[in-house]
1. Considering only Cα-Cα distances, which of the following residue pairs are longer than 29 Å: LYS96/LYS328; LYS88/LYS260; LYS252/LYS310; LYS294/LYS328?
2. Loop-only GluC sites (Glu not before Pro) in the stretch 274-330, please: DSSP not H, G, I, E or B, and at most 16 other Cβ atoms within 10 Å.
3. Got the relative contact order for the stretch 1-145 handy, in percent, Cα pairs under 8 Å and 6 or more residues apart?
4. Once R0 is set to 35 Å, what does the formula 1/(1 + (r/R0)^6) return for the Cβ-Cβ distance between VAL118 and ARG82, expressed as a FRET efficiency to the nearest 0.05?
5. What spacing in nm lies between the two simple spin-label points modelled at ASP21 and ASN94, each 7 Å away from Cα in the Cβ direction?
6. By how many nm would the segment from LYS260 to HIS28 lengthen if fully extended, with 0.36 nm per residue of separation less the alpha-carbon distance?
7. Taking H as built 1.01 Å from N, whose amide H comes closer than 5 Å to the amide H of GLY103, not counting residues under 5 places away?
8. Quick one: if you stick a label point 7 Å off each Cα along the C-beta vector at THR186 and ALA287, how many nm between them?
Amino acid sequence: MRIVKHIENLLLKENSVIVPDFGCFMAHTISAHFDEAENLFLPPQRTLGFNPRVTINDSLLVQSYIDTYSMSYPDAMKEIEREVAEIKSELAQNGKFDFEGVGTLRFDGKVYDFTPCVSGLLTPSIYGLDALEMTSLKAILDAERSDDTKVNAILKPSFTPSEEKKKSIFAKENDEPIVITIQRATVRKCATAAAILALAALSVIPMKYAANAMQDVQFASVFSMKSEAPAPVVEKKAPVKKMVTKKPVAPKAPMAEDAKYTVVLAAGITMEGAQMYAGELNKEGVAATIEGEKSPMVVFGTYATKEDAKAEIAKHQDNEKFNIAWIKKI
């Protein structure tokens, strides 16, 4: 079924693809993370979800049919409606439909259950990233450590005195404090010896320290003489005038009187995202505007014919923002 391939190809660069009168496939990215149970660093992955309540046609899928098969807008809509009817018929009969490369959709008559592809959505930016196995340091130490190398944390004293020895060594029976007696003559002798050692240390100064001190004084005098010399005259340069760069002004987009077509630069995003994207385009010199409130789209101008819209896209072929632009009938 051709609609499955169109959905898969559009999801390469779009975060949402709405199938008219059926539902919306929405992509979201899962960040890289570490699985402690498997000891694996898993790379970022892009997966899908399905919302059957979003069925408003944003013309993204229809434009893909138009560009691929060179058919008109009504013919593309009829082809999509026919394939959607086949999908609903298979869901009613078998209870599931396999979107190859996207996922499997199940329906029990009341609730839709979508299971995305196990390998994730094909995304060029993260293609080729694989899981990295990394064993924790604790697991490595536990594997290398044998029973003989384990340290017993319970410390036992090598000598345990009996109760009688404890009393005789550590305490008296009448609990009197132990008094240590020191003679005054011993204290005086120790103080005298300490004073003599201090005087000897202060009086004996190596001669090399004195020589170094005199050399420092000479260097200080020479430095002071140099500092008194007149400072050289420095010529003042004329101030350099700063160049003021003007911000580029976004030219007005073409607005046809008999408007039938417009160029869509972004769709399937929130109003906040549309405002941010339109602001970036205006800074780059692309006068983009926002159309719609519930399903906002960032558009560029209005045109009377489809050929005029294609010619406008060709004018901006150097701008990568127009590489994904498509034409929408108003």
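1. Too far apart for the 29 Å limit: LYS96/LYS328; LYS88/LYS260.
2. GLU284, GLU293
3. Result for the stretch 1-145 is 24 percent.
4. The value I calculate is 0.70.
5. 2.2
6. Between LYS260 and HIS28, full extension yields an extra 80.1 nm.
7. Correct list: CYS117.
8. Computed distance between label sites THR186 and ALA287 equals 10.5 nm.
Bear in mind that the values in this text are calculations on the coordinates, not laboratory data. All of these numbers come straight from a predicted model, not from anything done at the bench. Please note: Cβ atoms are built from the backbone with ideal geometry, for glycine as well, and neighbour counts cover all protein chains shown.
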